[in-house]
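Scroll down for the structure; my scribbles are underneath it.
No lab work stands behind these numbers, since they all come straight from the coordinates. Treat the numbers as computed from the prediction; the structure is a model and nothing was measured. A quick note on method: Cβ atoms are made from the backbone with ideal geometry, for glycine too, and the neighbour counts reach across all protein chains shown.
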């Protein structure tokens, strides 16, 4: 089935499905108030997950997925009505429709394995996103991207022209109404100004099990250290290099028989899987960022 037809089918199937994410100080009555609110709008709770750091005064987190007939017609009133509950409990919250498929811009450099994994899963319908464009500072990905029918933009980048490059990138992101960005082995450091415009909306893959081997050449450093486990980490980008809130990680055992290239071969498989999983959790609204950590439901 054509990708765009798959997206339209998904939207139709989920037109009455909504998601509610909440973070607030923990106190009695939160779940009861939220449940009553949904019931009053005729909604049926499909999935509910909650977590409290400390029931006697910590932080409370809640994710609810619900089905509500004629949701598109009720959404504006639901958003307005829920504000009263949110104010009562000092909530940070989002209320979204599942059928509003998120638009994702992919940034990539020369290593294509993570990009290809995302494109394969997108093409098969396993990754329910819209990919309106791919941006790269190299031409290596051009033919791959165009074979999927996705616009490809080559924007050369260097430290000297970084802000100029980012202005061009931001213009494209606005043009395509992008919701979030995936750095699929994009080997450029983003400026604080760029990051601040997309808080918790830039997902990166780092080719090590953070906090080990932050920064460049982690496989080479892992080899020199003689590690017995290598891994990959997907995290939200902040202005602290490779120290943003971690979304997903995985590892695989290695030994003295692997040289640097051998580590990279093993690592690429981990990177692909870790990044794809992180993107899935993000688009399913399963992640709440708390300080420099994530709650993943």
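Of note:
- Between helix 30-40 and the chain: long-axis angle, C-alpha atoms, 0 to 90°, nearest 10: 70 degrees
- Label-to-label distance, nm, for residues given as residue 289 and residue 144 (7 Å Cα→Cβ offset): 2.7 nm
- Difference of contour (0.36 nm per residue) and Cα-Cα distance, residue 158 to residue 94: 19.3 nm
- Just checking the listed ones, 260, 182, 108: in the Gaussian network model of the chain with Cα springs under 10 Å, the one fluctuating most is 260.
- If you run the Gaussian network model on the chain, springs between alpha carbon atoms under 10 Å, then out of 113, 256, 14 the most flexible one is 256.
- Cα-only Debye scattering, the range 4-74: base-10 log of I(q)/I(0) at q = 0.19 Å⁻¹: -0.79
- Between helix 260-283 and the chain: long-axis angle, C-alpha atoms, 0 to 90°, nearest 10: 20 degrees
- Rounded tilt (10° steps) of 71-89 against the dominant C-alpha axis of the chain: 90 degrees
- When the P(r) of the chain is calculated, the portion above 23 Å amounts to 60% of the C-alpha pairs.
- Each 5 Å bin from 0 upward holds the following percent of the Cα-Cα pairs of the range 117-239: 2, 9, 17, 21, 20, 16, 10, 5, 1, 0.
- Spin-label model, residue 80 to residue 53: label points 7 Å out along the Cα-to-beta-carbon direction sit 3.5 nm apart.
- Fully extending the segment from residue 168 to residue 27 would add 46.1 nm, taking 0.36 nm per residue of separation and subtracting the current Cα-Cα distance.
- For the range 41-184, fraction of C-alpha pairs farther apart than 25 Å, in %: 50 percent
- Computed P(r) (all Cα pairs; the range 109-171; 5 Å bins; percent): 4, 17, 26, 23, 17, 10, 4, 1
- Label point at residue 175 placed 7 Å out along Cα→Cβ; residues across the range 109-150 whose backbone nitrogen lies under 15 Å: 132-136, 150
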